[in-house]
Amino acid sequence: MNFFNRRNQILLKELIKTDFKLRYQGSVIGYLWSILKPMLLFLVMYLVFVRFLRFGTAIPHFSIALLLGITIWNFFGEATGLGMLSMVNRGDLLRKVNFSKQVIIFSVVSNAFINLILSLIVVIIFGIFNGVTFSWTVIFIPFLLIELVLFTTGIAFILSTLFVYFRDLGPIWEVIMQAGFYGTPIIYPITQISATHMEIAKWMMMNPMAQIIQDMRFILAFSDNTNPAIWQLIPSPIVIIPYLIPLFIFGLGLLIFNKNSKRFAEII
């Protein structure tokens, strides 16, 4: 079935609107939670790792870098976590309506992306008030966001397919996300690793999430050697690998998903 037909487009819009409305239904401050949640997490991380443990003290505006990293990681966690559950949660819809199953994944990622954009606006405002000077390099932000969405969507395709068959994947993915959070330079600068273990820092930056967060920090917060971009750490042509992985993961995820999607309604 053609994903771009009118039925799928209408269904995608309705799923996005419905999910966005239901997410904070009944809460006192409603949609503001999409902004307050990462801000509150940032506050905890800032107090513990920046103020008390003194991470990133040598880096200008590291608090902005921390907030940015948490914001991007929250998008990845939200989109992949909800994407993993999406096929099972939409079982009734799968059995009643004939449509391209990718719509469900795209609706989940789109909702998470809306929250990401709102949070990024807060990050930029916070940066302006803290004296961050943005340069012309901000024009590359959309490309990094596209890379982030492709990688996240590909992972969501894979997880949602596996979860239909293996429900134990839920707690396993939570552990992987926790390990990934601390294995990605979010609460600490990559220079803290590269100063003593350059090879480990290079391997860490092969992770697309680390590359996206680090490049985004380089562009938005401070373009100097205190916060190096990936191309300053990894030599050419190897540096291209983290940029190609999201394309590969998206294609692989879509292939796996499409191959199994016809059986979802029967299994669920």
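The values are calculated or read from the model by the stated rules, or taken from the named source; none is laboratory data. A quick note: this is a predicted structure, and the numbers were derived from the prediction, not measured. Neighbour counts run over all protein chains shown; Cβ positions are idealised from the backbone, glycine included. Only protein heavy atoms, including side chains, enter the accessible area calculation; ligands, DNA and RNA are left aside. Shrake-Rupley method; radii C 1.70, N 1.55, O 1.52, S 1.80 Å.
Can you tell me how many residues within segment 231-264 are touching a Phe, Trp or Tyr at 6+ places or on another chain (Cβ under 6 Å) and open to solvent by less than 40 Å² (accessible area, probe 1.4 Å)? The number of residues fulfilling the criteria is 5. Candidates are the residues of segment 100-134 that are out of contact with any helix residue (DSSP H, G or I) (no Cβ under 8 Å at 6 or more places or on another chain) and more than 25 Å from Ile249 (Cα to Cα); the one that is modelled with the highest pLDDT is Ile121. The residues in segment 44-75 that are modelled with pLDDT under 85, among the polar types (S, T, N, Q) and part of a helix (DSSP H, G or I) can be counted, and the count is 1. When segment 249-266 is filtered for residues that are more than 20 Å from Glu147 (Cα to Cα) and out of contact with any helix residue (DSSP H, G or I) (no Cβ under 6 Å at 6 or more places or on another chain), the ones remaining, listed by number, are Asn258, Lys259, Ser261, Lys262, Arg263, Glu266. Within segment 110-133, being in contact (Cβ under 8 Å) with a residue 12 or more places away in the chain and of a type in the set (Val, Ile, Thr) holds for Ile114, Val122, Val123, Ile124, Val132. Can you find even one residue in segment 201-210 that is open to solvent by less than 40 Å² (accessible area, probe 1.4 Å), within 24 Å of Phe52 (Cβ to Cβ), not hydroxyl-bearing (Ser, Thr, Tyr) and not in a helix (DSSP H, G or I)? No.
Residues that are buried (at least 18 other Cβ atoms within 10 Å of the Cβ), of a type outside the set (Ser, Thr, Tyr) and at pLDDT 75 or above occur in segment 91-98; there is at least one. Look at (1) over 25 Å from Ile141 (Cβ atoms); (2) not in a helix (DSSP H, G or I) and you find that Pro189 fails only one, number (1).
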